Amino acid sequence: MLIVVLLPMFTGILTPMLSFRSRKAMCIYLETAVCVNSLLVFWLLFHAPDKTLTVFRFTHDLSITLGLDGMGAVYGGLVAFLWPLALLYGFEYMEGEEKEKSFFLFYVATYGVTLGVALSENILTMYFFFEMLSLVTLPLVMYTRTREAVLETIRICKDQNVLREYLSGREKEVVDIMMTLFNEEYILKTYVESREKEAAMEGEKRGSEKAKMETAQRMYEMGISVQDIAKVSQVSIETVEQWLGLIKA
């Protein structure tokens, strides 16, 4: 039972870490993992275990325990059937978005947490997975990293009574902190992209200058004057003389 909860979580966590050759490869990886997990869920439904699985025990009466009953089987079966279909829609919905790896990390992980709710054996386990569900779905709302997304996330937290008192008193502060973090990330990303572009342009410039230098040397060996070489290369006579070693740079 535990594997159907953990497999989607690990699949999601690995998504940003893996280097896919194309977006199609990433989509195949995610859809395959989700379909395999759904097949495991259906196998579990048709081979329902008699025993429960205690994942962690706090006291004799309080534990995180997984089990399968009638309502849990219905809920788990619906989730396992619908999630691969919803993921296909997600691929189309996120096409062209910059942060889709981050989105699918939490989207696929949510599948495992939702199955945890279906397989909860006691009220503590169900509460644990419901709280996890709140945490992993909030980034799905905030993935665009805009002010509107942050405000919507705060609204959802208040509606679900997650840090409601704190957010009610410090909403502006939280929004400012989140937007500062997002802006710093954007600035850093822009800076890195700018430096990469400058490096590429510098490399292209050096390659072009080297080619001109080699051409000038061949033309000079053929008896073409320095003035004509400078005119063809669109550089100064002094530059051509430096290329040919006639004067020191």
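Read the figures in this text as sums done on the coordinates, not as results from a lab. Only a predicted model underlies this, so the values are computations on that prediction, with no experimental measurement involved. Here the Cβ is made from the backbone with ideal geometry for all residues, glycine too, and neighbour counts use every protein chain on show.
Near ASN122, the amide H atoms lying under 5 Å from its own belong to THR65; only residues 5 or more places off or on other chains count, and H is placed 1.01 Å from N. Here the residues PHE10, PHE56, PHE106, ranked from fewest to most Cβ neighbours within 10 Å of their Cβ, fall in the order PHE56, PHE10, PHE106.
Here the calculated FRET efficiency for SER22 and ARG164, from their Cβ-Cβ distance with R0 = 45 Å, stands at 0.55, rounded to the nearest 0.05. Residues SER225, SER120, ranked from the fewest to the most other C-beta atoms within 10 Å, line up as SER225, SER120. By the count of other C-beta atoms within 10 Å, a proxy for reagent exposure, CYS27, CYS35 are ordered fewest to most as CYS35, CYS27.
Annotation: segment 2-143 has a Kirkwood hydrodynamic radius of 15.7 angstrom, from the mean reciprocal C-alpha pair distance.
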